[in-house]
Amino acid sequence: MKNIIVVWLGIMALAIAGQPVLAQAPEPSLVPSQPTRLELPFTQYDTDVHVLAIPEDSSVVMLVEKDVFIGSRTSYTFHKFDHQLKDLGARKLDIPIEYEFKLMRAEATAVYALFQSRYAPERLLAAGLDSRTGDVSLVKFDTEVTRDVLDQKVLAGNLFVTVLLDQHMTVVKLDMKTGKHQLLPSVYEPLTTELTFLTDSATKRAEVIMRQSNGVKSRLQLKQLSSEGELLNSEFVQTESERSLITAQVSLGDSSDRMLAGTYTLRDPRYSQGIFSADLTAGTTPTGVRQSLRFYDFTRLKHFFDYLKPARAARIRQRSQERRAANRELPLRYRLLVHDLLPFQNGYVLVAEVYYPRYRSDSYGPGMVGTRYRQFDGYHTTHAIVCGFDRRGNLIWDNTFVLKDVESYELEETVRLRPMPDGQRLVMTYLEEENVHFKIIDRSLPTPNDLVVPLQTVNPEIKEKLSSTNYEGMQAWYGSRFLAFGYQYVRTPRGGGRDVFFLNTVSFN
């Protein structure tokens, strides 16, 4: 209740000052609880903390990377916590000094951290943690050809690592049981290819989605792989119109339903014109085109332009209608980061974040003869769309979450999504500094975009103040719970304070 009062007083102060109100306090029934906060004595100056919220057993696993002295060996330790963030123990890793951390992923309750040699990038080291028993395994792999590591997925105890090889992307399978590796011959694509690698533990299959282009149009190729990396099936998804498919996600699970959804463009593959969907169990035309392909121009979505002022959004829709009346389409230029499909209400939900890269102009040299150049200044995310489909790929509803001041130098997912306890609604969240921003998604119904609650402290009754939050993040956890984390400075009312790494449970139960 104290947090609601604090937010409300802040809003009143802004209103009195004549400033626009950017965030509002949610109704009491919508305020998430924060039942648990854990503070650990780690600082961003000598420690990197990598967090995985594991829904299968409602636990949290952290890999703590600590530099004791400059030039000495970095220490690595797995830590596990239960759903109440109680400490379940730690396991140290004996990582040789030549290796540096790259990625961490989980399959069920097994967690795998991947390391790469600083001096010989073809050498990889995988650390596996059985979080039920606490057993740790270390396996070295000399892949002979690996360069940059791009991604990692886990399937049936095998690590599938997307890597660069001779200006191409490929996948190397690391077998943790035998210590052997294998390059997958079915995945070898140019660097310009959009490549999505998905794993499904229930069916023990992997799905690979790749964009292929002839320089004018692009199509998608889908490949199904076994848990050993063997090619099981390959198929194409393409259009007969001028539209080109950019990227997509496919539904997982052992089901007769198989749905594909993603983005398409009219010309430039960097920019999306709208979203598409397809029922992959339906037939194809004699030319190989999917009969079930459906295209939804962004102007046809009810809420896509909610991030704009109403007058500007109306002008865009009017221009689109005029072009459509002339049998033409209004070109749109949006970049989207597409999330995995989420099963929901006997169908699927697709989330995509709309972003753009920012640049600033710098110069060096004296006066008028100086040289000016553009410098990349990170990504800015404006809003996230959420679309509900039935199992055949028909769009049922759409909504939008307008984001505030979200910028990052890495292109990564910002918003997180979980179903509400009633099973009828969804909640989208993200963490920005000391505040949890969220929106309740009730199909296409308009709901507030600016609900926000501050993170709670360990001791709310003594009015500690949180500040200097850095490297913050939020992960979907289990049920209707999320996990917020990051580095923070906690100032006490009597002066002084403490630097911590925090974990906060955010519950919409």
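The values are calculated or read from the model by the stated rules, or taken from the named source; none is laboratory data. This structure is a prediction, so every number in the text was calculated from the model and none was measured. Here the Cβ positions follow ideal geometry from the backbone for every residue, glycine too, while neighbour counts run over all protein chains shown. All accessible areas refer to the heavy atoms of the entire protein, side chains included, with ligands and DNA or RNA removed. Shrake-Rupley method; radii C 1.70, N 1.55, O 1.52, S 1.80 Å.
A few notes on this one:
- Computed over the chain: relative contact order in percent, which uses C-alpha pairs under 8 Å that are six or more apart: 11
- Oblate is the label for the stretch 75-116, because a/c, from the alpha-carbon gyration tensor with a ≥ b ≥ c as root eigenvalues, is 1.5 or above and a/b does not exceed b/c.
- Fraction of alpha-carbon pairs over 18 Å apart in the stretch 181-290 - percent: 49
- Protein heavy-atom surface of the stretch 94-162, 1.4 angstrom probe: 44% of the accessible area is carbon and sulfur, with nucleic acids and ligands not counted.
- Cross-link check: pairs 177/204; 153/217; 66/140; 66/102; 140/177 evaluated at a Cα-Cα cut-off of 19 Å; pairs beyond the cut-off: 153/217; 66/140.
- Contour excess over end-to-end distance, with Cα ends at residue 507 and residue 289 and 0.36 nm allotted per residue: 74.0 nm
- Couplings 3J(HN,Hα) of the stretch 304-320, computed from phi: 4, 9, 4, 6, 9, 5, x, 5, 5, 4, 5, 5, 5, 5, 5, 4, 5 Hz, in residue order, whole Hz [Karplus 6.51 cos²θ - 1.76 cosθ + 1.60, θ = phi - 60°; x for Gly and Pro].
- Other residues with beta-carbon under 11 Å from the beta-carbon of residue 105 carry, at +1 per Lys or Arg and -1 per Asp or Glu, a net charge of 0.
- Here the peptides 243-253, 116-126 are ranked by packing, the mean other Cβ count within 10 Å, and the order with the highest first is 243-253, 116-126.
- Residues in the stretch 488-508 that a label on residue 445 would reach, taking backbone N under 16 Å of a point 7 Å out along Cα→Cβ: none
- The stretch 330-425, accessible surface, carbon-and-sulfur percent (1.4 angstrom probe): 45
- Sorting the segments 382-395, 492-505, 415-428 by their residues' average number of neighbouring beta-carbon atoms within 10 angstrom, most packed first, yields 382-395, 415-428, 492-505.
- Entry for Rg and Dmax of the Cα atoms in Å (calculated from the structure that is shown) out of (1) 21.3, 63; (2) 28.2, 120; (3) 24.2, 77: (3)
- The local environment of residue 88, defined by Cβ-Cβ distances under 13 Å, has a net charge of 0 under the rule Lys, Arg +1 and Asp, Glu -1.
- D (Stokes-Einstein, µm²/s), Kirkwood Cα radius, the stretch 384-504, 0.692 mPa s at 37 °C: 204
- If the segment from residue 322 to residue 84 were pulled out straight at 0.36 nm per residue, it would be longer than the present Cα-Cα gap by 80.0 nm.
- Placing dummy labels 7 Å off each Cα toward the beta-carbon, the span from residue 465 to residue 216 is 6.5 nm.
- Rounded, prolate or oblate (a/c below 1.5 giving rounded, otherwise prolate when a/b exceeds b/c) for the stretch 66-212 by Cα gyration tensor: oblate
- Accessible area per residue, Å², the stretch 77-212 with all protein chains present, probe 1.4 Å: 44
- Charge context of residue 225, other residues only, Cβ under 12 angstrom, K/R +1, D/E -1: +1
- Most to least packed among 197-204, 170-177 [average Cβ atoms within 10 Å]: 170-177, 197-204
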